[in-house]
1. So which lysines pass the test for LYS366, namely a Cα distance under 16 Å, with those fewer than 8 places away in the same chain ruled out?
2. Reachable aspartates and glutamates from LYS48, Cα under 12 Å, same-chain residues fewer than 8 places away excluded?
3. Which entries of LYS332/LYS410; LYS124/LYS410; LYS269/LYS419; LYS15/LYS124; LYS282/LYS332 show an alpha-carbon separation above 27 angstrom in the structure shown?
4. Just flag the GluC sites (Glu not before Pro) in region 133-192 sitting in loop per DSSP whose Cβ has no more than 10 other Cβ atoms within 10 Å.
5. State to the nearest 20 debye the size of the charge dipole of region 238-291 about its Cα centre, where the only charges are +1 on K and R beta carbons and -1 on D and E beta carbons.
6. Report which label in [x] 44, 23, 20; [y] 54, 21, 20; [z] 33, 25, 21 holds the value of semi-axes √(5λ) of the Cα gyration tensor in Å derived from the coordinates of this structure.
7. Express the C-alpha Rg of region 148-285 as a ratio against the empirical globular expectation 2.2 N^0.38 Å, rounded to two decimals.
8. Quick one: order LYS63, LYS425 from most to least accessible surface, probe 1.4 Å.
Amino acid sequence: MLDMGYVRANLALVKERVGLRGGDLQLNGFAALDARRRDAITRLETLKAERNRLSAEVAAAKKRGDDAAEVVERNRVLKAESEGLETQAADAEAEMRAVLAGVPNLPHESVPAGQSAEENVEHKRWGAPRKLAFEAKPHWELGEALGILDTERAGKISGARFAVYWREGAQLERALASWMLDQHTRHHGYTEVLPPVMVNEASMFGTGQLPKFREDSFKTEQGDHWLIPTAEVPVTNLYRDEVLDEAALPISLVAATSCFRAEAGSYGKDTRGLIRQHQFQKVELVKFARPDSSYDELETLTRNAETILELLELPYRRMLLCAGDMGFSAAKTYDLEVWLPGQSAYREISSCSNFEAFQARRANIKFKPRGGGKSEFVHTLNGSGLAIGRTWVAIVENYQRADGSVEIPKVLVPYMGGKTVIEAKK
C-alpha cells in the first residue's frame, strides 16, 4: 500500500505515476475524503480549545463559589459534538485507507511506459533455440505418448486445468523441486522454509492479493483460509507485524510449495497442457532488504533464477516489464521467458519483482537501523526460482528426440536415479 502522507502531499504526481499503469485510477475521490477529514480535525481542534477554556471557567467559578451549571452543560454539548467529529475524521481516514488498498504500486523510474506485453523491453538473451531435425511436438502430445502426462483422468477426478503425472513424469517434477532447492540453498545463500499452503485473509492482504484479486483465488468454505497462489504469501507474512534487526538484512528465503489459482480471467487461454493450471508446483525466492540495497538484491535474485535455466541449458530471455504489464504490488519486474520449440515461442517461467515498501506497509514489516532511530519499512522482493510445471514443459519440449523420447538434462540425472532418457513404457 502507498504511504498515505506521501499521497496527500503529492496527489497529482501519484495520479500521474499510477496512470502509467492504465485502468481506473481509484484516486479521484481521495482529495474529497482528505478535505472532509481535515475539516473535521480543524473543527475538532477549535472545539478542544473552547472546551479547555470552559473547563478553566468552571474551575474558577467553583473556586469563587458561583453556580457553573450552565457552563458545565455547554461543555457537555461540545464534548458530544467533538466525539461526532472524531468519528467523522476516523471514518474519512478509513475510507481513504480502503481507497489506497485498491491502488497499485508506483512504477520505479526505470520502468518503461506501456500498457501491454508488446511494450515490454528485452534486456538479454541466453542460448540459441535448438534446431531440431524434425518437427517439434508440444509437451502435451509428447507426455501422453510417453505415458507420463494424463489430463483425461485429471479431468475425471478434478476437472479442467489439472494434470496427473505418471512414472518418470512424476519423478521429474520431484527431481526438479529437490535440485532447485539444493541450488538455491547451497550456492545462492537462501534458507529453506516449508510454509502452510493455507493462509488467513490478513496474509493475502499483506502481499496484495486481497481485496483486488479475490476472484483469482480459492477460499475454503469453513473459516478464514485461502489456498496460496504462490509461496510469496506465507513466506512474506512470516515477519508480519515484526521489527527486524538491520544486521540480519538481507534475509533470503526459498520454499517449494503447491500453488492454487482460479485463473478467473483466462477463459480460453492455454487450455491444453501445463502452462495455465489451477494447481501447480513452484519454487519461490523471497527477500527482505534495506531500502538502499533492494534494487541490487533484485538483480541478484533475478540472476539466481537465470542460473537455474542456464544449468538446465534452456534458452531464455529477460524482459523488463512496462508499467501497464506489471503486477499490482510491483515497483519493477523482470520476466524470464523460456523458449518452447513445441510452441515456437518464448513463455514466462519466472517473474522477479521489487515491491519496495508496498507489501511491508500492508503487512507492517519494519527494521530497526543499526545506529538507532525510528524503525523503517523493509523492502520485499520475490521471484520464481522456478515454476516447476513450466520447467517440466521446457525440458520435455527442448530435450525431445525424433523417436518421441526425451533426454534428461545432465544436472538432473543424479536426481532421476541415474536415468538419462524417458522412453515410452513397453
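1. List returned: LYS287, LYS374.
2. Of all the aspartates and glutamates, those that pass the test against LYS48 - Cα under 12 Å, at least 8 places apart if same chain - are GLU81, GLU83, GLU86.
3. LYS332/LYS410; LYS269/LYS419; LYS15/LYS124
4. Those that pass, being in a loop and sparsely packed, are GLU135.
5. 420 debye
6. Label [y] holds the value from this structure.
7. Normalised Rg, Cα atoms only: 1.17.
8. So, going from the largest accessible area down, we get LYS63, LYS425.
The values are calculated or read from the model by the stated rules, or taken from the named source; none is laboratory data. Only a predicted model underlies this, so the values are computations on that prediction, with no experimental measurement involved. Every residue, glycine among them, receives a Cβ derived from its backbone with ideal geometry; neighbour counts consider all protein chains shown. Note: areas computed on protein heavy atoms with side chains; ligands, DNA, RNA excluded. Shrake-Rupley method; radii C 1.70, N 1.55, O 1.52, S 1.80 Å.
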